[in-house]
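Structure first, then comments.
Throughout, read-outs are computed from the coordinates displayed, never taken from laboratory work. Remember, predicted model here, so these are calculated numbers, not experimental data. Using ideal geometry, Cβ is built from the backbone for each residue, glycine included, and neighbour counts are taken over all protein chains shown.
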Amino acid sequence: MSQEIQNPAQPGLHLNGKIVVVTGAGSGIGAGIAQAFARVGAHVALVDKNFEGAKAVASSLRDEGLVALPFACDVSDEKSVAAAADDVRATMGPVNALINNAGLLRAGSLETVSIEDWNLSLSVNLTGYLLCARSFGKDMLAAGKGSIVHVASIAALNPQTNSGSYSPGKAGVLLLSRQLAAEWGPRGVRSNCVLPGMIRTALSAKFYEEPGFEERRAQVVASRRIGEPEDLAGPALFLASDLAAYVNGAEILTDGGLNCMLMDQVPRPGFNAVPAK
């Protein structure tokens, strides 16, 4: 185990030595969040079906002298989640916080998407969040305190067409989070969401290879840039920490202001410019 890390710039986080589980931590947003938690002193369990990816991220963090261990888990499988929770508990100790992040997308219009793909997406993006909350949340409920942070999406608020059950599943995550807050809040466990948008991940990496694509996308974001996985780390750290002790059942948009740009996309001569093609 590494030496304790004191971070005077973040005195209210109180995450030093806390056991934090991050699902889907082998790449993308999950990896960025896991790295941030480890760097403020949390002991991070990197849970992923892609065990090799989780191992690589955990190894890089241990090279920094941080505490990070990988665990294989299919979040859509109840037995797999229960086994992973037991492994984390036996290896690292009782869980203090869970970051529900693992997800997938299966493309298809509502007219054509196969029921198999529809159900697969829901089993990971929604049911998987419940399974992880139940198994990893046992320790928090027993302790009478803890925090669950769900990574949803701006697609929970706005339909993402031709993406099968992705938007319905992410919308379900918002209500799942609120219901957990209502049911588990009286027992000391908080449940909140972050809603990322316009984040560069492996799923969207090919898009940015097209000349001019990133500039065109950035023009519809208020902050005029594309987000990186690390941009989700700050909101997740806040929600998991004591700084958010009275934040429960909340949702934080983390999209660079994309969601407030609708009216700016409506042509208004003399008021705005139509984005370049």
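Table for the structure above
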{"item": "Cα lying deepest toward the dipole's positive end in the chain, options 66, 105, 239, charges on Cβ", "result": "239"}
{"item": "Sequence ranges 133-146, 203-216, 178-191, ranked by mean other-Cβ count within 10 angstrom, highest first", "result": "133-146, 178-191, 203-216"}
{"item": "Under 5 Å, built H, 5+ apart or other chain: amide partners of residue 18", "result": "43"}
{"item": "Cα-Cα separations in the stretch 67-124 greater than 15 Å, expressed as whole percent", "result": "60"}
{"item": "Equivalent ellipsoid, the chain (semi-axes from 5 times Cα gyration tensor eigenvalues, Å)", "result": "31, 21, 19"}
{"item": "Only Lys, Arg (+1) and Asp, Glu (-1) charged, at Cβ; the chain dipole about Cα centre in debye", "result": "460"}
{"item": "Span-like helix ranges in the chain, DSSP H, alpha carbon extent 24 angstrom or more, Kyte mean at least -1.0", "result": "166-184"}
{"item": "P(r) of the stretch 168-277 over all Cα-Cα pairs, binned every 5 Å from zero, in whole percent", "result": "2, 11, 16, 17, 16, 13, 10, 7, 4, 2, 0"}
{"item": "Charge dipole (debye, nearest 20) of the stretch 213-277; +1 at Cβ of Lys and Arg, -1 at Cβ of Asp and Glu", "result": "460"}
{"item": "Sum of side-chain charges, residue 86 neighbourhood, beta-carbon under 12 Å (Lys, Arg +1; Asp, Glu -1)", "result": "+1"}
{"item": "Listed residues 111, 64, 228, most fluctuating in the chain (Gaussian network, C-alpha, under 10 Å)", "result": "111"}
{"item": "Amide hydrogen neighbours beyond the local backbone of residue 165, cut-off 5 Å, H modeled", "result": "106"}
{"item": "Residue pairs, from the table 55/79; 145/170; 49/170; 55/170; 49/138; 55/145, whose Cα atoms sit over 24 Å apart", "result": "145/170; 55/170; 55/145"}
